[in-house]
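A short worksheet on the structure shown next.
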Amino acid sequence: VHHPEFVEPEKIAQAQAQLVGAVMGQCLAVLKEHESRPPDDFTNDLVFRGLVGQMLDVTQWAKEKVVLVLEVMDVDHVAEKRFDGTNILDASLTLVHRQFLVHL
């Protein structure tokens, strides 16, 4: 007998792996963008502070995306979830951050 609230552990693990992969990809994209910047950007205090702030934001927003999906949404269907017409796995960290603030 299949209970409707029961989610198979394999499906949960697959959804979690998809989510973590998507979030890590978004974080690494920001890191790569930073790595491609000229050295002068890291000696200019104003630019450097902006880059550090961006990485701190990305780290926080990545955590929020994981929390929002795992605690609020149905993990069994994570690949089907959408924010403003965008698949949750593809949704930007900024978009998910705004959704997380609404959830609070």
**OP:** Would you please name the residue that is least open to solvent (accessible area, probe 1.4 Å), looking only at residues in region 54-104 that are of a type in the set (Asp, Glu) and either at pLDDT 85 or above or under 19 Å from Gln14 (Cβ atoms) (or both)?
**Re:** Glu64
Subject >> Arg49 being part of a loop (DSSP other than H, G, I, E, B), of a type in the set (D, E, K, R) and either farther than 20 Å from Ala15 by Cβ or at pLDDT 80 or above (or both) >> reply: no
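The values are calculated or read from the model by the stated rules, or taken from the named source; none is laboratory data. Please read all numbers here as calculations on a predicted model, not as lab measurements. Positions of Cβ are generated from backbone atoms using ideal geometry, with glycine treated the same way; all protein chains shown enter the neighbour counts. Just the protein is used for accessible areas: all its heavy atoms, side chains included, with ligands, DNA and RNA removed. Shrake-Rupley method; radii C 1.70, N 1.55, O 1.52, S 1.80 Å.
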